[in-house]
Every structure is written in structure tokens, then in C-alpha cells.
Amino acid sequence: MAHSTPYTIAFAAGVSIVCGVLVAGSAVALKPRQEENKMLDQRKQVLSVAGLLNQGEALAPAEINSRFDQSIIPIVIDLKSGALAPDIAAATFDMQRAMKDPATSESAPANDAKVFRLPKHALVYKVVEAGETKGLILPIQGYGLWSVLYGFLAVGADGNTIQGITFYQHGETPGLGGEVDNPKWKSLWPGRRAYNNAWKPAIRVIKGQAGAPDADPHSIDGLSGATITSNGVTALVQFWLGDMGYGPFLGAVREGRAI
Ligand SMILES: Cc1cc2nc3c(=O)[nH]c(=O)nc-3n(C[C@H](O)[C@H](O)[C@H](O)COP(=O)(O)O)c2cc1C
């Protein structure tokens, strides 16, 4: 059956409008669930770098939330002074959004981690056991070879001993820079020291193999065939441990002023 041209155009336009409304409707309807899943994933990452979630352990959303609420306290800090910012609600503070918004961030001085903007405030997490702070989870990010790597660094309550590292988002090559996700490589971090004796960030990913944590506290094995990603990890970890990142906060922690 042949249709006239106006009929065909009107039919195609009608189908496009109906499909457009359906797609837009589902995007709006699914938004709260996407936000919830994003939050659950962040909580899982925080639990995992805190050593409170084992590799491969599958938890239902309610279990993730209860384990998180039992041991983790999110806190907002003033990045420059390192002081707590109790007036900002940690439960709803979005550090990524704060970092992009000109009203809540400023451009960063040139740095090797290629962090272009710095938020005035940061969201960090206290790991608490029987009322005592056992560690601090710090959001980190910076450039590798192909992409920005986003992750968390866990540091002890001494503000120096590394407890773990994890990257939850990046676009590095699987098998090369993507080995930042390898549990064996991540297991090389705990027990090493973030700072040297002068309290300058000293932990770095070297080319080749590092010694044991006691003998070689500031080195991590390089990722083979991925020196550029390895250097990116050094740059980003040192950036966030430094004066522009959590340096003032961790200094305050060491002096017993912040937590
Ligand atoms: C397809 C392709 C993907 C690569 N992906 C990465 C990567 O994710 N991270 C990285 O550091 N190097 C990657 N490289 C290698 C770099 O170009 C560079 O050779 C390497 O970082 C040098 O590391 P090496 O000195 O340990 O060999 C890739 C190379 C190719 C051809």
C-alpha cells in the first residue's frame, strides 16, 4: 500500500516524538536509582580500601549500607587549612560537583597530576572501631596515560602509614596501565609510608621492583610496560598528599588537632 509523502513524514515525526518522550521519561524515572547505585558503589569502594570488604565478597545494598554506617564516618574538611568544616553536611556533600563549580572551587596551580581545579572543601572518611579512629580514606584523582584515574587512598590515624589504595574509574589499557586494578599490585601498598622524615610526600611507583615495606617504605613496584601510568599514579598520590591536597589536614591529624 503506497502512502503520500506528507503521511510518511508525519508518521516518522510521530514515531520520533513518542520514542523521544519514552527515552526522556525513563531517563528521568531512573535518575534516583542511578544516583543510589552510584552512592552504593562509592560506599563499596570505601569499605574495600578500608579493608572492610573482601575481594569478591558480594553484599546486598542493605548490607553495604549497614557495614558502612557501622564503621565509616564521612567528614568535610577545608582543604587549604586542613580544619574540619562542620557546617557542611557530609551526607549530601558531592566533592566532584564542588570541584567543577566555580563558586566552590578554584583553578589549581600547574601540577604533574594534571588536576586543574581544586575544591574549597573535601569529603574524607574516618574508619572507626570501638569509638577510635583507625584510618582515613582520602579521595584521589589524576592523569595516567589515557585518562583521569579516580580512586581512594587509605592512611592510618598516624597520618603516614598507608593502609591501601583503590581505583574505581579509569580508562587505562587492560593488562598495562589497567593493572592498577590488580589486587596483587594493590597489596604492595599497605604498610608503606606516605611521607619522608621532613614530612614531604615520598611514596612513589618506581621502575622495577621495590623491597619489603620495612626496608623500602616509600617505593612501590612499577607496572611493567606501563611506566606512564605508573608515573601518573606517583604524581597523583604525591599531589593529594601535598600542600595543595590533604597535606594540611594530615598535618593537623598528626598533631592531634583534626580528629
Ligand atoms: C595500545 C597500547 C596501549 C598502551 N597502554 C598503556 C597504558 O595504559 N599505560 C602506560 O603507561 N603505557 C601504555 N602503553 C605503553 C606506552 O606507550 C609506553 O611505551 C610505556 O608506558 C613505557 O613503559 P615501559 O618503560 O615500562 O615499557 C601502551 C602502548 C600501546 C601500544
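Read the figures in this text as sums done on the coordinates, not as results from a lab. Note that the coordinates shown come from a computational prediction; the quantities given were computed from them, not determined experimentally. Don't worry about glycine lacking a Cβ; one is built from the backbone with ideal geometry, like all the others, and counts go over all protein chains shown.
Could you rank the peptides 128-135, 112-119, 4-11, 212-219 by their average count of other C-beta atoms within 10 Å per residue, with the highest value first?
112-119, 212-219, 128-135, 4-11
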Requested in this report: Work out the charge dipole of the chain with +1 on the Cβ of Lys and Arg and -1 on the Cβ of Asp and Glu about the Cα centre, then indicate which of I75, S16, G135 is farthest towards its positive end.
Outcome: S16
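Taking Cα pairs under 8 Å and at least six residues apart, what relative contact order does the chain come out at, in percent?
On the way: 439 pairs, mean separation 40.9, N = 259.
Value for the chain: 16 percent.
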Query raised in the report: Using θ = phi - 60° and the Karplus curve 6.51 cos²θ - 1.76 cosθ + 1.60, what whole-Hz ³J(HN,Hα) does each residue of the range 215-226 get, with Gly and Pro shown as x?
Result: 7, 9, x, 10, 10, 10, 3, x, 7, 6, x, 9
Query raised in the report: Under a 5 Å amide H to amide H cut-off, with H placed in plane at 1.01 Å, what residues pair with H121 once short-range neighbours are removed?
Result: L79
Requested in this report: Scan the range 141-246 for trypsin sites (Lys or Arg not before Pro) in coil per DSSP, keeping those whose Cβ has at most 14 other Cβ atoms within 10 Å, and list them by number.
Outcome: K207
Query - Global size of the range 167-206 as Cα Rg and Dmax, reported in angstrom - result: 12.7, 37
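Which pairs break 28 Å Cα to Cα here: K126/K200; K100/K184; K44/K100; K114/K207; K120/K207; K80/K200? Provide the component values of the computation, followed by the final result.
Details: K126/K200 23 Å; K100/K184 34 Å; K44/K100 24 Å; K114/K207 21 Å; K120/K207 34 Å; K80/K200 16 Å.
In this structure, K100/K184; K120/K207 exceed 28 Å between Cα atoms.
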Requested in this report: Scan around G144 for amide H atoms under 5 Å from its own, H built in the peptide plane at 1.01 Å from N, and keep only partners 5 or more places away or cross-chain.
Outcome: L149
Query raised in the report: So what's the back-of-envelope 222 nm ellipticity for the chain, counting only DSSP H runs of four-plus at -39500 (n - 2.57) apiece and dividing by all residues, rounded to 500?
Result: -11000 deg cm²/dmol
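Which of the peptides 71-80, 142-151 is most tightly packed, and how do the rest follow, going by the mean number of other Cβ atoms within 10 Å of each residue?
Details: 71-80: 18.6, 142-151: 20.1.
Answer by packing, highest mean first, reads 142-151, 71-80.
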**Report entry** Computed magnitude of the charge dipole of the chain (debye, nearest 20; Cβ of K, R +1, Cβ of D, E -1)
**Finding:** 260 debye
Report summary line: Using the Cα gyration tensor of the chain, the equivalent ellipsoid's semi-axes, largest first and to the nearest Å, work out to 39, 23, 19
**Report entry** aspartates and glutamates with Cα under 18 Å of K31, excluding same-chain neighbours fewer than 8 positions away
**Finding:** D41, D94
